[in-house]
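The values are calculated or read from the model by the stated rules, or taken from the named source; none is laboratory data. Everything numeric in this text was worked out from a predicted model, so none of it was measured. Neighbour counts are summed over all protein chains in view; Cβ atoms, including those assigned to glycine, are modelled from backbone coordinates with ideal geometry.
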């Protein structure tokens, strides 16, 4: 195994500085103005001011060449390693709009990974190219309301071939981004094989244009009362939805193979953005602790606040190093070897970021749970991340099974 280098490379350094500067000086100052527009008129459209802010920032990012960093190991992008991209993802995580400004937001990055790696030239032309240009958005449909989708072999949406078409019936929920009016394409995990097929060869992935007849937007799912408009996490119903057979990705039974290729990098991206959120929360906590006084002293000098701040800093540093190691393992090209490390960071990063954010909320008192800081919104998203892309318990199980294999030849 080659030497492990988790540092900032000479190639990355100027890019990282440009991204860090743009996030701090241009994107963060506009986050609140953008979010204040939600609810003015139709929550599921973009107001002129939102469009002006978002498209203006995206145009500026493209002008500076700060675009599509996530395309690791590809001729289409910068060709960065996963370790290098991880540092950029952390900076983007500090702002609500950070990732989208650089065309690096979920679920588009994962969907573009699928299209880049697995799709036909025609599929790339129709869907990948406009996604790479930031002209459209996409959604990834996997989770279902009636089965325990943490075990993806339970995914049950029916997909039956009828001549030159596939017919889809079933429901999906937590379809992130499906509420966005710019969302033009869904990548959908479906069941194409019967019970006689091997368990991990019963599922496929298929492309479904968002405007296809028979797709019903049932409702927007809420997270602690928030619908995340105009992005949204929708509950969708498919009733006799027909798509051409050429919309299938790779072939029948390849769903799990594609899913693992998609979810590995995506989980690392989520985790590094979470670490960026933790850094932002710690910054707000320290600023508050020094400027706010109670009982004649700055908050920093009261109670256990020194210890709390110290623990937050140490937790962030440990989580970052674990995430960088997971990214390095991914860069070695062995997905099976990288999987336990990705599972470890998928448990640790959201938990650490959630703890740091919660302490920052506490330091801010009543203001911390209000709309006057980004902390409440960040806490809500981070709590959700402990479920997205697999709940903690599933990832801990994978880590434990990998550990036990070192000591037994038996199946565990």
Item to check | Exclusive hit being touching a residue at least 24 places away in the same chain (Cβ under 8 Å), out of contact with any strand residue (DSSP E or B) (no Cβ under 9 Å at 6 or more places or on another chain), at negative phi and not in a loop (DSSP other than H, G, I, E, B), set 54, 66 | outcome: 54
Next on the checklist: Can you say whether residue 269 is in contact (Cβ under 8 Å) with a residue 60 or more places away in the chain, out of contact with any helix residue (DSSP H, G or I) (no Cβ under 8 Å at 6 or more places or on another chain) and crowded, with 20+ Cβ neighbours inside 10 Å, as far as the supplied structure shows?
Outcome noted: no
Next on the checklist: Of everything in the range 1-51, what is closer than 20 Å to residue 69 by Cβ, over 24 Å from the mean Cα position of the chain (by Cα) and touching a residue at least 24 places away in the same chain (Cβ under 8 Å)? Give them in sequence order.
Outcome noted: 5, 9, 11
Checklist entry - If you check residue 94 against the conditions, is it part of a loop (DSSP other than H, G, I, E, B) and in contact with a helix residue (DSSP H, G or I) (Cβ under 7 Å, 6 or more places away or on another chain)? => result yes
Checklist entry - With (1) crowded, with 20+ Cβ neighbours inside 10 Å; (2) out of contact with any strand residue (DSSP E or B) (no Cβ under 7 Å at 6 or more places or on another chain) as the list, and residue 122 as the residue in question, which single condition is left unmet? => result (1)
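Being at positive phi and at pLDDT 95 or above: is that true of residue 240 here?
On the way: at positive phi: yes; at pLDDT 95 or above: yes.
It is true that residue 240 is at positive phi and at pLDDT 95 or above.
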Checklist entry - Of all helices (runs of 4 or more DSSP H) completely enclosed by the range 310-412, which ones contain at least 1 residues that are farther than 30 Å from residue 74 by Cβ and touching a strand residue (DSSP E or B) at 6+ places or on another chain (Cβ under 8 Å)? => result 375-385
Checklist entry - Out of curiosity, is residue 211 in a loop (DSSP other than H, G, I, E, B), over 20 Å from residue 103 (Cα atoms) and touching a strand residue (DSSP E or B) at 6+ places or on another chain (Cβ under 9 Å)? => result yes
Checklist entry - Can you find a residue in the range 278-295 that is under 17 Å from the mean Cα position of the chain (by Cα) and under 30 Å from residue 187 (Cα atoms)? => result no
Next on the checklist: Among (1) assigned to a helix (DSSP H, G or I); (2) closer than 24 Å to residue 363 by Cα, there is one condition residue 303 misses while meeting the rest; what is its number?
Outcome noted: (1)
